Amino acid sequence: MKKTFISAFALVAIAFASQTQVQAQSKMSMSGGTKMVGGAAMYPTKDIIDNAVNSKDHTTLVAAVKAAGLVETLKGAGPFTVFAPTNEAFNKLPKGTVATLVKPENKAALTKILTYHVIAGKMDSKAIAAAIKKGKGKAELTTVEGGKLWAWMEGKKLVMKDEKGGMSTVTIADVYQKNGVIHVVNSVLMPK
């Protein structure tokens, strides 16, 4: 009986030590610039695509990027700033929009929308804040698509406005990648 108790106690101690080690490793990786997006760690040592495919909140975006043939571009050296709409953001579009856009015959329109979410260069929240300050409260950003986005602060929230007047809020900022930075947004931004 005494041996059983000691064995059980030893197993509990080992399990507790293992759990503590896992938690410590998790905290260490989070403090090293890694953020959680869509239930997955986004590692600054991986590129935009390699991280995005692990986010359960960005499956629609990843499917759209594949359909548009932009995977290799976003795996490239960059740097890129990507305003990454969540699945919920895509769900706000009129019913059937995404299914229509991912069809091969609509590749040009899909590419236009996706590249409208990308800015050349690495603009983290500090760089965007500096641009907003320089613009006296509003920054005008030029997208890879060639269109304009406008950014400003509403309290502590970074808000984006597209060329059609649509609004989107950054929900997770500064998700660093080896080839740029992602800012998660809650609405799809639309070019003219």
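The values are calculated or read from the model by the stated rules, or taken from the named source; none is laboratory data. Not measured: the values here are computed from a predicted model. Positions of Cβ are backbone-derived with ideal geometry, glycine not excepted, and every protein chain shown enters the neighbour counts. Side chains are part of the model used for accessible areas, which takes the heavy atoms of the whole protein and leaves out ligands, DNA and RNA. Shrake-Rupley method; radii C 1.70, N 1.55, O 1.52, S 1.80 Å.
Within the range 137-192, which residues are among the β-branched types (Val, Ile, Thr) and closer than 24 Å to residue 34 by Cα?
Residues of the range 137-192 that are among the β-branched types (Val, Ile, Thr), as a first pass: 142-144, 159, 169-172, 175, 181-182, 184-185, 188.
Selection gives 159, 169, 170, 171, 172, 175, 181, 182, 184, 185.
Any idea which of (1) free of Cβ contacts under 8 Å to residues at least 40 places away in the same chain; (2) in contact with a Lys or Arg (Cβ under 7 Å, 6 or more places away or on another chain); (3) not β-branched (Val, Ile, Thr) is the one residue 66 doesn't satisfy?
(2)
When you go through (1) in contact with a helix residue (DSSP H, G or I) (Cβ under 6 Å, 6 or more places away or on another chain); (2) under 28 Å from residue 97 (Cα atoms); (3) at pLDDT below 85 one by one for residue 87, which number turns out not to apply?
If we test residue 87 against (1) in contact with a helix residue (DSSP H, G or I) (Cβ under 6 Å, 6 or more places away or on another chain); (2) under 28 Å from residue 97 (Cα atoms); (3) at pLDDT below 85, just (3) comes out false.
Just to be sure, is residue 116 among the aromatic types (Phe, Trp, Tyr), open to solvent by less than 50 Å² (accessible area, probe 1.4 Å) and touching a residue at least 12 places away in the same chain (Cβ under 8 Å)? So that I can check it myself, show each step before the final result.
Details: among the aromatic types (Phe, Trp, Tyr): yes; open to solvent by less than 50 Å² (accessible area, probe 1.4 Å): yes; touching a residue at least 12 places away in the same chain (Cβ under 8 Å): yes.
Taking the combined requirement at face value, the residue satisfies it.
What are the pairs, 6+ residues apart or on separate chains, where a residue within the range 69-87 that is without any contact (Cβ under 8 Å) to a residue 60 or more places away in the chain and at positive phi has its Cβ under 9 Å from a residue that is among the aliphatic types (A, V, I, L, M) and open to solvent by less than 30 Å² (accessible area, probe 1.4 Å)?
Once the first residue is without any contact (Cβ under 8 Å) to a residue 60 or more places away in the chain and at positive phi and sits in the range 69-87, no partner that is among the aliphatic types (A, V, I, L, M) and open to solvent by less than 30 Å² (accessible area, probe 1.4 Å) comes close enough.
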